[in-house]
Amino acid sequence: FSDGRWRDSDPWLTPDGRWLYFVSNRPAAGRDAGRDDLDLWRVPVTRAGFGAPEHLADASSPGEELGPEVHAGWLSFNSTRAGGPAALALYRARLVDGLPTQPEAMPPPFNDGRAQGDLTFSPDGRIALFWSIRGGSRDPDLFMARRDGARWSAATRLPAPFN
């Protein structure tokens, strides 16, 4: 399904192997033909190969969307969309019948830096890892947060050799 005319990037395969989420600047219905930013997409994976890619317009914006992953019924991703909590921020959108609803910025401690991205969760959903530029740092570092019930701990910068 990938085509050299477009930028396809950041593939993420669902654990059940049925869907591949990715970002692309390919054309889509309702998308201005002059736009070159990356939007969210998914494509079904079958025994016969890949189906037709689906543009996830409700979660996409005129900014760059990156790093899509699905965990516990939520699509998480990075975005440079206007009005966000940071230049590059983490967002999530609840999946309803497999399609994302209107995205929302992730709550603290996820968007506490000047930029952050590439959020991923442990299989049980209790540990989150992501990179962020925060505090006095000029460069991105890896951070971890732990979930206890509905609450997340403060993000902790990972020690060497990770950073």
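The values are calculated or read from the model by the stated rules, or taken from the named source; none is laboratory data. Fair warning: this is a prediction, and the values are worked out from it, not measured in the lab. Quick reminder, even Gly has a Cβ in these numbers, built from the backbone with ideal geometry, and neighbours come from all protein chains shown. We work out accessible area using only protein heavy atoms, side chains counted, and drop any ligands, DNA or RNA first. Shrake-Rupley method; radii C 1.70, N 1.55, O 1.52, S 1.80 Å.
Can you compute the FRET efficiency between Thr156 and Phe50 using 1/(1 + (r/R0)^6), with r the Cβ-Cβ distance and R0 = 45 Å? Round to the nearest 0.05.
Values: r = 39 Å, r/R0 = 0.86.
Efficiency at R0 = 45 Å is approximately 0.70.
Over region 1-61, what is the relative contact order in percent, taking alpha-carbon pairs closer than 8 angstrom and at least six residues apart? Don't skip to the answer; put the middle values down first.
Details: 100 pairs, mean separation 16.9, N = 61.
Answer for region 1-61 is 28 percent.
Could you tell me the center-to-center distance, by alpha carbons, between region 19-79 and region 94-119 in angstrom?
A separation of 15 Å, based on Cα centres.
Which residue fluctuates most in the GNM of the chain (Cα springs below 10 Å): Arg47, Arg35, Arg146?
Among Arg47, Arg35, Arg146, the largest mean-square fluctuation in the Gaussian network model of the chain belongs to Arg47.
What are the extents of the Cα atoms of region 97-163 along their three principal axes, listed from largest to smallest and rounded to whole Å?
Answer, in whole Å and largest first: 40, 23, 18 Å.
Please list 3J(HN,Hα) in residue order for region 157-163, calculated via the Karplus relation 6.51 cos²θ - 1.76 cosθ + 1.60 where θ = phi - 60°; whole Hz, with x for glycine and proline.
Per-residue couplings from phi come out as 5, 5, x, 4, x, 6, 10 Hz.
Express the accessible area of region 1-68 per residue in Å², computed with a 1.4 Å probe while the remaining protein chains stay in the model.
On the way: 3700 Å² over 68 residues.
Solvent-accessible surface per residue comes out at 54 Å².
Give me the number: length gained by fully extending Asp16 to Ser122, i.e. 0.36 nm times residue separation minus the C-alpha to C-alpha distance, one decimal in nm. Each step should come with its number before you reach the end.
Working: separation 106, 0.36 × 106 = 38.16 nm, distance 1.56 nm.
Stretched out fully, the Asp16 to Ser122 stretch lengthens by 36.6 nm.
Which three semi-axes in whole Å describe the equivalent ellipsoid of the chain, each the square root of 5 times a Cα gyration tensor eigenvalue, listed largest first?
Values: eigenvalues 149, 69, 42 Å².
Working from the Cα gyration tensor, I get semi-axes of 27, 19, 15 Å.
Step by step: find N for region 26-100, compute 2.2 N^0.38 Å, then divide the Cα radius of gyration by it. What's the final number? Spell out each step's value before the answer.
On the way: Rg = 13.0 Å, N = 75, 2.2 N^0.38 = 11.3 Å.
Expressed relative to 2.2 N^0.38 Å, the Cα Rg reads 1.15.
Tell me, what HN-Hα J-couplings in whole Hz come from the Karplus equation 6.51 cos²θ - 1.76 cosθ + 1.60 at θ = phi - 60° for each residue of region 112-118, using x for Gly and Pro?
8, x, 6, 7, 7, x, 6
Could you state, as a whole-number percent, how many of the C-alpha pairs of region 31-70 are farther apart than 12 Å?
Details: 505 of 780 pairs.
Percent of Cα pairs beyond 12 Å in region 31-70: 65.
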